[in-house]
Amino acid sequence: MMKKLFVRIRFTLLMLLMICGLGQSAFSWGVTGHRVIAAIAQNHLSPKALLELHKLIGKENLAMWANWPDFIKSDTTHSWDNTFKWHYVDLPGNLEKDEFVKELKALPGENLYTQIPAMMAQLKDKSLTKEKRVIALRFLIHLVGDLHQPLHVGRPEDQGGNKITEYWFDKKTNLHSIWDSELINFQQYSYTEYTQVLDIAGPEKVAAIQKTSLEDWFYESHQLADKVYDLSPAESRLSYKYNYIFQDELDAQLLKGGLRLAKLLNEALS
Ligand SMILES: [Zn+2]
């Protein structure tokens, strides 16, 4: 009798764990992607920015806070619910640049596009409390990462690929999760190894990646998202070939995210 009860409790716990696990599939870039972007950014901070950063978070690494804005989605007091919309924008596919920028600027309310400059302004503002500036810093680290995950600049009808069922090898998942986590995990690097592998661009390449505008960065993600949608029909079994097709672009997005985050931090912490 007792044994049966234990088996039943264990089963219930297992089901609960599985349900919680599924809930996390909507997380952005997975933990590794966000940490790579944060760690690359940290490598490119100016001495002035490093000094300011030290005043805010001491010796802590940026990577440590890169996923915090996703973790607070589980806060049962719901005090962060207003930030859930900050992680993405949804726009129709295959837009020309001018049209895209027009629609991006016309999106109502707070979103990924409005909150990157908003967090920069708060981080920069020394009249605010340290606590408020630290929170702005954590969001800035995370949101610049999200901006470079193409499906965070995806389409409204499928919620950035969340509603498109796919198979990653044998595992049933969705297109958004493949870009958040599966492709990155497939590389089998720790975040520090991945940072070392990617962060090798010379000064000219770094400058070229950093000099373009926030709207340019969004449009690059939009264009990559168009390609991702084209090459990922629903219910596909995606595996080695998919990785081969997109690996260069995945790596490029992580590097760009890191270098551009450094640019914004150097600006805000100057
Ligand atoms: Zn996010």
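The values are calculated or read from the model by the stated rules, or taken from the named source; none is laboratory data. Please read these numbers as outputs of a predicted model, since none were measured by experiment. Quick reminder, even Gly has a Cβ in these numbers, built from the backbone with ideal geometry, and neighbours come from all protein chains shown. These area figures cover heavy atoms from the full protein model, side chains too; ligands, DNA and RNA do not enter into them. Shrake-Rupley method; radii C 1.70, N 1.55, O 1.52, S 1.80 Å.
Using only the Cα atoms, work out Rg/Rh for segment 186-231, with Rh taken as the Kirkwood radius, to two decimals.
Expressed as Rg/Rh, it is 1.08.
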Taking only the alpha-carbon atoms of segment 123-262, what semi-axes of the equivalent ellipsoid follow from 5 times the gyration tensor eigenvalues under a square root, in whole Å, largest first?
28, 18, 15
Would you mind checking the radius of gyration and Dmax of segment 165-209 based on alpha-carbon positions, in Å?
14.8, 42
Put +1 on the Cβ of each Lys and Arg and -1 on the Cβ of each Asp and Glu in segment 100-250; which of 165, 191, 134 then has its Cα farthest toward the positive end of the dipole?
134
Positive end of the charge dipole of the chain (Lys, Arg +1 and Asp, Glu -1 on Cβ, about the Cα centre): tell me which of 94, 111, 247 has its Cα farthest that way.
111
Segment 23-131: GluC sites (Glu not before Pro) in DSSP loop, at most 12 other beta carbons within 10 Å
60, 96
Quick one: if the Förster radius is 25 Å, what FRET efficiency do residue 243 and residue 43 give, using the C-beta to C-beta distance and rounding to 0.05?
0.45
Which of the lysines could a cross-linker bridge to residue 171, judged by Cα under 19 Å and excluding same-chain residues fewer than eight apart?
163, 241
Under 25 Å from the Cα of residue 59 - lysines, other chains or at least 8 residues apart:
48, 124, 126, 130, 132, 256, 263
Tail beyond 11 Å, pair distance distribution of segment 67-107 (Cα, percent):
70 percent
So what's the net charge close to residue 109: Lys and Arg +1, Asp and Glu -1, counting the other residues with Cβ under 15 Å from its Cβ?
-2
Solvent accessible area, Å² - residue 219, 1.4 Å probe, full protein context
30 Å²
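Please calculate how many Å² of accessible area the chain carries per residue, with a 1.4 Å probe and no DNA, RNA or ligand atoms counted.
Using a 1.4 Å probe on heavy atoms only, each residue of the chain averages 52 Å².
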On a C-alpha basis, how far is the centre of segment 179-200 from the centre of segment 239-266 in Å? Whole number, if you could?
9 Å
Carbon and sulfur atoms: what percent of the 1.4 Å accessible area of segment 163-232 do they account for?
50 percent
Cross-link reach from residue 97 to aspartates and glutamates, straight Cα distance under 18 Å and at least 8 residues apart if same chain, gives 215, 216, 220, 226
Cα radius of gyration and Dmax for the chain (Å)
19.4, 72
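Among DSSP bridges having both ends in the chain, what percentage is antiparallel? Round to the nearest 5. Before the final figure, lay out the partial values.
Working: 4 of 8 bridges.
Bridges in the chain are about 50 percent antiparallel.
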Treating each Cα of segment 33-182 as an identical point scatterer and ignoring solvent, apply the Debye formula and state log10 I(q)/I(0) at q = 0.12, 0.17, 0.20, 0.22 Å⁻¹.
-0.59, -1.09, -1.33, -1.45
In degrees, nearest ten, helix 30-43 long axis to first principal axis of the chain (Cα)
20 degrees
Tell me the volume per residue, in Å³, of the convex hull enclosing the alpha carbons of segment 47-131.
164 Å³
Computed over the Cα atoms of segment 197-270, what is the convex hull's projected area averaged over all directions, in nm²?
6.3 nm²
Could you work out the helix-only [θ] at 222 nm for the chain, with each DSSP H run of four or more residues adding -39,500 (n - 2.57) and the total divided by the number of residues, to the nearest 500 deg cm²/dmol?
-19000 deg cm²/dmol
